[in-house]
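The values are calculated or read from the model by the stated rules, or taken from the named source; none is laboratory data. What you see is a predicted model, and the numbers here were worked out from it, not measured in a lab. Cβ placement follows ideal geometry from the backbone for every residue including glycine, while neighbour counts extend to all protein chains displayed. To get the accessible areas, we keep the full protein, side chains included, count just its heavy atoms, and leave off ligands, DNA and RNA. Shrake-Rupley method; radii C 1.70, N 1.55, O 1.52, S 1.80 Å.
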Number of protein chains: 2
Amino acid sequence: MLKVPQHQVAGHEAGIGKLGPLVDESGRFYKPLQGDERGASEVAFYTSLSTNSGIPEHIQRFFPTFYGTQLVEASDGSGLLPHLVLEDLALGRVNPSIMDIKIGSRTWAPEASEKYIQKCLKKDRESSSLSLGFRISGLQIYRSKELGLWKPGKKAAQKLSREEVKLVLRRFVSSNTLNDLDSRPDCAFASTVYGGSTGILSQLLELKAWFEDQTIFHLYSCSILVIFEKELALKGKNPGAQIKLIDFAHVYEGRGVIDHNFLGGLCSLIKFISEILTAPNECGIEVSAKADHKNLTADNGVVADHKNLTDSDNGVVAIQKNLTTSDNGVVADQKNLTVSDNGVLADQKNLTVSDDNCVVADQNGVS
Amino acid sequence: MLKVPQHQVAGHEAGIGKLGPLVDESGRFYKPLQGDERGASEVAFYTSLSTNSGIPEHIQRFFPTFYGTQLVEASDGSGLLPHLVLEDLALGRVNPSIMDIKIGSRTWAPEASEKYIQKCLKKDRESSSLSLGFRISGLQIYRSKELGLWKPGKKAAQKLSREEVKLVLRRFVSSNTLNDLDSRPDCAFASTVYGGSTGILSQLLELKAWFEDQTIFHLYSCSILVIFEKELALKGKNPGAQIKLIDFAHVYEGRGVIDHNFLGGLCSLIKFISEILTAPNECGIEVSAKADHKNLTADNGVVADHKNLTDSDNGVVAIQKNLTTSDNGVVADQKNLTVSDNGVLADQKNLTVSDDNCVVADQNGVS
């Protein structure tokens with residue numbers, strides 16, 4: 001008996017009159033073949049994956065198991081349609097927290113049609129893809145038995161700003177996940193989910209090493225699915241943190257070149273996850289730009305710099321901003337100002353961050 | 001006494017009525033400030049670089065020394081103009097071989113103007129930037145006292161295809177560099193220039209490690225200059241292989257995000273250089289696509305794959321091509337077919353490559 005999957009966070013959803021994936025009770029996931037070249041391309045990719053031993057075993061595990069294609073009754077009632085038969089990644093998970101992260105600052109191949117390129121480019125520019133090298137395509141975060149899941153709409157997820165994405169990556173492994181984005185995530189499960197020898201970071205690093213070398217495939221618009229079970233973590237058990245690569249409708253041959261687009265985005269995600277592990281308490285730091293600015297006019301090298309830069313009101317601003325804070329109150333560069341071990345920051349001494357709530361209450365004169 | 005630099009390979013060149021950089025005899029390089037925000041932005045970057053200790057010392061060495069700005073008589077005779085005063089990177093070098101490699105599949109920042117973005121996007125798509133993650137902006141290769149330099153026009157350099165770029169990276173460290181691109185480079189100096197603990201690869205890897213971590217700057221349209229002296233290599237001396245980062249007119253603040261665009265392109269370049277060191281004899285291999293195809297229909301896993309893939313004539317082709325050869329006779333995926341250690345290639349046994357001239361004379365039936 002096929003049914004609509006319970007834990008889908010991105011992609012087309014099945015429903016009345018809607019074509020979407022289905023699952024059965026034996027752990028198989030049925031993804032309807034997209035009618036155009038995308039369907040054929042994804043079949044080709046999975047076929048190649050299962051017959052082509054070019055991918056080492058420790059990397060194969062990051063791909064869903066493929067069971068061929070099968071004609072099944074489509075979810076939209078349109079009759080028998082060919083489906084990809086894949087491993088159901090949510091199988092056996094009761095209340096999984098899931099993020100679908102589309103990797104790459106560019107979701108289109110140079111070989112794609114002009115129309116498709118323009119469509120993707122627009123989306124990449126409107127989402128965080130261009131700036132971060134990835135975007136969150138969908139997510140659900142399990143909160144508690146009482147509160148259930150926090151599952152923002154797909155469109156909302158994709159429109160997350162760079163700072164919101166950083167916050168979501170923290171909320172994902174926090175115990176205090178409320179409904180809004182204003183809460184300060186405690187990152188209580190960061191070390192058990194992201195950290196450790198079998199955690200998410202470790203898996204991402206394995207994938208990275210492969211992408212630095214592999215020139216077989218270029219994966220456009222492909223996602224990394226991140227899954228774990230908070231309830232297990234709460235019980236002190238292994239939360240089953242796992243990454244899987246999904247969505248291969250836009251795979252192209254590598255032709256001797258690494259997938260630098262995927263790799264760049266992956267490294268960006270890795271950096272964010274690493275930072276959470278290094279400084280789990282530095283979430284959503286709020287600093288008054290004005291106060292910060294004042295501190296920077298103290299007697300250190302950065303100031304001289306700042307002075308020089310105010311001579312111009314154009315390109316210089318980029319640099320200048322680097323030294324102060326961003327306009328939305330969440331301080332992107334705070335990281336640089338506080339945890340950098342490379343000496344940017346004489347300024348550090350001027351800043352006091354209260355670790356428990358991550359808010360800099362008052363910067364003026366605090367030493 | 002200021003004069004036109006002898007070894008400029010990219011950028012605006014000074015000349016009668018032309019504004020370009022100048023050098024003096026003390027080893028300083030004078031780069032005219034671009035009138036618009038680019039000039040201000042580059043001054044801001046260099047100023048920040050020299051006063052901001054955020055960049056570790058072992059990375060500082062990859063940037064040209066900055067001596068401030070100075071009004072000097074412009075090369076186009078237009079009178080006194082402000083110039084950036086930088087270290088002359090060619091100082092003390094007699095016949096340097098130089099490549100200017102513009103890093104990043106994207107040369108524009110998300111924050112740039114729409115007009116500028118469209119201009120850059122077009123160039124990125126027409127050059128190898130999009131596919132390789134970098135493009136060669138200019139180069140000169142020293143051949144011999146008699147033949148002097150091989151210095152293709154800047155436009156020609158920027159239009160190099162992916163295969164030609166690979167070839168140029170080999171020619172750059174070869175002793176048999178003729179005027180055309182058909183020659184088979186011997187990569188005689190690969191190990192002394194690209195290899196070794198102080199060679200180009202080692203320097204690129206240091207830079208990579210920094211880019212995996214630094215979130216201070218995003219460098220768009222920035223180049224890595226690769227320099228060495230073949231005459232020294234010929235004499236068995238240290239050829240002074242060195243990389244330098246140049247061109248910072250499009251630097252933006254990192255705002256807590258790594259420069260995934262630069263990093264991706266850098267990793268792609270690193271992969272190419274690594275391959276040359278691993279297999280210096282595999283230059284410009286030519287294989288008949290037909291013969292190759294025949295070999296692939298032998299009894300191995302790849303074949304089954306190939307058969308499956310011919311069911312469709314669209315997206316599947318990408319995968320299919322991966323298994324055969326590209327249309328231009330230079331085999332992009334040959335690499336995968338011959339040196340891959342991950343088992344793609346049962347097929348390897350079907351291929352015979354004559355190492356001395358890198359041509360597969362006849363593949364049919366050769367074992």
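Checking the stated criteria, B:S97 turns out not to satisfy the condition of being among the small types (G, A, S), open to solvent by 70 Å² or more (accessible area, probe 1.4 Å) and in contact with a Phe, Trp or Tyr (Cβ under 8 Å, 6 or more places away or on another chain). Restricting attention to region B:29-62, the residues being under 17 Å from B:S113 (Cβ atoms) and crowded, with 21+ Cβ neighbours inside 10 Å number 3.
Scanning region B:224-261 for residues that are away from chain A (no Cβ under 14 Å), surrounded by 21 or more Cβ atoms within 10 Å (Cβ to Cβ) and of a type in the set (D, E) yields a single hit, B:E229.
Taking the criterion of being surrounded by fewer than 22 Cβ atoms within 10 Å (Cβ to Cβ) and in contact with a Phe, Trp or Tyr (Cβ under 7 Å, 6 or more places away or on another chain), would at least one residue in region A:155-163 satisfy it? No, every residue in region A:155-163 fails to be surrounded by fewer than 22 Cβ atoms within 10 Å (Cβ to Cβ) and in contact with a Phe, Trp or Tyr (Cβ under 7 Å, 6 or more places away or on another chain). Pairs linking a residue in region B:225-236 that is assigned by the TED database to the domain that holds B:Y194 to a residue that is open to solvent by 50 Å² or more (accessible area, probe 1.4 Å), with Cβ atoms under 6 Å and 6 or more positions apart or on different chains, are B:I227/B:Q242; B:A233/B:T192.
Restricting A:S78, A:S144 to residues that are open to solvent by 60 Å² or more (accessible area, probe 1.4 Å), small (G, A, S) and more than 15 Å from the chain's Cα centre (by Cα) narrows the list to A:S78.
Just need a number here: residues in region A:262-271 that are crowded, with 24+ Cβ neighbours inside 10 Å, at the interface with chain B (Cβ under 8 Å from one of its Cβ atoms) and under 15 Å from A:L201 (Cα atoms). Matching residues across region A:262-271 total 4.
Kindly state which helices (runs of 4 or more DSSP H) lie completely within region A:102-179 and contain at least 2 residues that are in contact with a Pro (Cβ under 9 Å, 6 or more places away or on another chain).
Helices (runs of 4 or more DSSP H) meeting the threshold: A:114-126, A:129-132, A:162-171.
Applying the criterion of being among the hydrophobic types (A, V, I, L, M, F, W, C) and away from chain A (no Cβ under 11 Å) to the residues of region B:272-284, the residue that is most open to solvent (accessible area, probe 1.4 Å) is B:L277.
Selection of region B:111-125 for residues being charged (D, E, K, R) and within 26 Å of B:A156 (Cβ to Cβ) yields B:K119, B:K122, B:K123, B:D124, B:R125. Residues that are more than 14 Å from chain B (Cβ to nearest Cβ), farther than 30 Å from A:T192 by Cα and either more than 23 Å from the chain's Cα centre (by Cα) or not acidic (D, E) (or both) occur at least once in region A:51-70.
The set of residues in region A:100-138 that are open to solvent by less than 30 Å² (accessible area, probe 1.4 Å), more than 16 Å from B:G104 (Cα to Cα) and either small (G, A, S) or modelled with pLDDT under 95 (or both) comprises A:A112, A:S127, A:S128, A:S137, A:G138. Filtering B:S221, B:S202 for residues that are outside any strand (DSSP E or B), of a type outside the set (K, R), surrounded by fewer than 22 Cβ atoms within 10 Å (Cβ to Cβ) and within 17 Å of the chain's Cα centre (by Cα) leaves a single hit, B:S202.
For first residues located in region A:39-53 and modelled with pLDDT under 85, partners that are assigned to a helix (DSSP H, G or I) and lie 6+ apart or on another chain with Cβ distances below 7 Å form the pairs A:T51/B:G301; A:T51/B:A304; A:T51/B:D305; A:N52/B:G301; A:N52/B:V302; A:N52/B:D305; A:S53/B:G301.
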